[in-house]
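Input: a single structure, listed below in C-alpha cells.
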Amino acid sequence: MDPGPTDLGVVDPQQQQQRQRRPPSRYESQKRRDWNTFLQYLRSHRPPLSLARCSGAHVIEFLKYLDQFGKTKQAWGSLDALVGRLRAAYEENDGLPESNPFGARAVGIYLREVKESQGRARGVPYQKKKTKKKKRKLLQDTAVGASIADDAAGASIGSSEAGEGSRAPPAGSSPAS
C-alpha cells in the first residue's frame, strides 16, 4: 500500500489553500483591529511616535484616549483583555518581550487602580485573598492570646485568694486539721 503525500509530512497544496482561506478567529481579528488602532494612535500622536520609542506611559495615554470614545467604560476585564491582546500583537510584530510597553509595570498599576476604582463604584471593593488570610490568622492569634491571658488571670486570682503554695478547699467542705 502506497502512503499518501500527507503521510510523509508533505503538505497538500489544496489543504494549504483551504487553511489560508479560513477566516481568522474572533480573537485574532480583534487583536488585529486593536493593533491597527494603536498604530493609528501612534501616527496621530503629536509629535508622531515610533513603536520603538513607545513606553508604558504612552500605553496608559492610549487607554485614556480610548476612554473618551466610551470603549473602555465597561468592566475592568475588557481593559485587561485589550492590554493582553496588544501585548501579544507587539511580540508578533517583532517586538522584544523585555521591551514590550504593554507589559510595563506602570500599565499594571494603572489597570489595578481602574479595577479598584470600578469596584468601589459598584460598592464592592476589591480585596486580595491574602488580606483575608492575614485577618483570619490575626483573629485566631487574638483569640488564642485572649484565652491564654484569661487563663493566666484566673490562675493568679485563685492563687492569691488561697495563699501561696496552698490549695483552697472545695466549696462547702471544712478544712482538714
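The values are calculated or read from the model by the stated rules, or taken from the named source; none is laboratory data. The structure displayed is predicted, hence computed values, not measured ones. Because the Cβ atoms are built from the backbone with ideal geometry, glycine has one as well, and the counts that use them run over all protein chains shown. Side chains included, ligands, DNA and RNA excluded: accessible areas come from the protein's heavy atoms. Shrake-Rupley method; radii C 1.70, N 1.55, O 1.52, S 1.80 Å.
Tabulated data
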item	result
Approximate spin-label separation Ser55-Glu92, in nm, with each point projected 7 Å along Cα-to-Cβ	2.8 nm
Separation of the Glu116 and Lys64 label points, Cα + 7 Å toward Cβ, nm	1.8 nm
Accessible-area value, Asp34, 1.4 Å probe, nucleic acids and ligands omitted, Å²	20 Å²
Per-pair calculated FRET efficiency, R0 = 41 Å: Gln14 and Leu39 via Cβ, rounded to 0.05	0.70
Contour excess over end-to-end distance, with Cα ends at Gln30 and Gln74 and 0.36 nm allotted per residue	14.2 nm
